[in-house]
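Undergrad: This is the structure I have questions about; it appears just below.
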Amino acid sequence: MKKDIHPDYHAVTVVMTDGTEYVTRSCAGSAGDRIPLDIDPRTHPAWTGGQTTLLDRGGRISRFKNKFKGIPGA
């Protein structure tokens, strides 16, 4: 096998939207980094069945609604 072609996997802490954390291995960032999630399986309707609303982090939903507010169904 070729040397030095594989990514460097290291431990990172993933922070869910409700504040819970878990440690996993990733090639993103550097060792010991914290990766906060905007959407995770606890809040995304694909996993929850659409019963909860998405949190508007960064105003994306608000900007979309303002941009298309004159169009029915938007």
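The values are calculated or read from the model by the stated rules, or taken from the named source; none is laboratory data. Keep in mind that what you see is a predicted model, and the values were worked out from it rather than measured. Note that we place each Cβ from the backbone using ideal geometry, even for glycine, and neighbour counts take in every protein chain shown. The accessibility values were calculated without ligands, DNA or RNA, using every heavy atom of the protein model including side chains. Shrake-Rupley method; radii C 1.70, N 1.55, O 1.52, S 1.80 Å.
Undergrad: Tell me, which residue of the range 2-26 that is under 28 Å from R60 (Cα atoms) and either among the small types (G, A, S) or in contact with a His (Cβ under 8 Å, 6 or more places away or on another chain) (or both) is most open to solvent (accessible area, probe 1.4 Å)? Talk me through it step by step, then tell me what you get.
TA: First pass over the range 2-26, keeping only residues under 28 Å from R60 (Cα atoms): 12-22, 26.
Now narrow it down to the ones that are either among the small types (G, A, S) or in contact with a His (Cβ under 8 Å, 6 or more places away or on another chain) (or both): 19, 26.
Details: G19: 47, S26: 25 Å².
My answer is G19.
Undergrad: Hey, any hits in the range 39-58 for a residue that's surrounded by 12 or more Cβ atoms within 10 Å (Cβ to Cβ), modelled with pLDDT of 85 or more and either at positive phi or not in a loop (DSSP other than H, G, I, E, B) (or both)?
TA: The answer is no, given that none of the residues of the range 39-58 is surrounded by 12 or more Cβ atoms within 10 Å (Cβ to Cβ), modelled with pLDDT of 85 or more and either at positive phi or not in a loop (DSSP other than H, G, I, E, B) (or both).
Undergrad: Let me ask something else about it. Need pairs with beta-carbon distance below 9 Å; first residue of a type in the set (K, R) and within the range 25-36, second open to solvent by 80 Å² or more (accessible area, probe 1.4 Å); sequence gap 6+ or separate chains.
TA: Qualifying pairs under 9 Å: R25/Y9; R34/E21.
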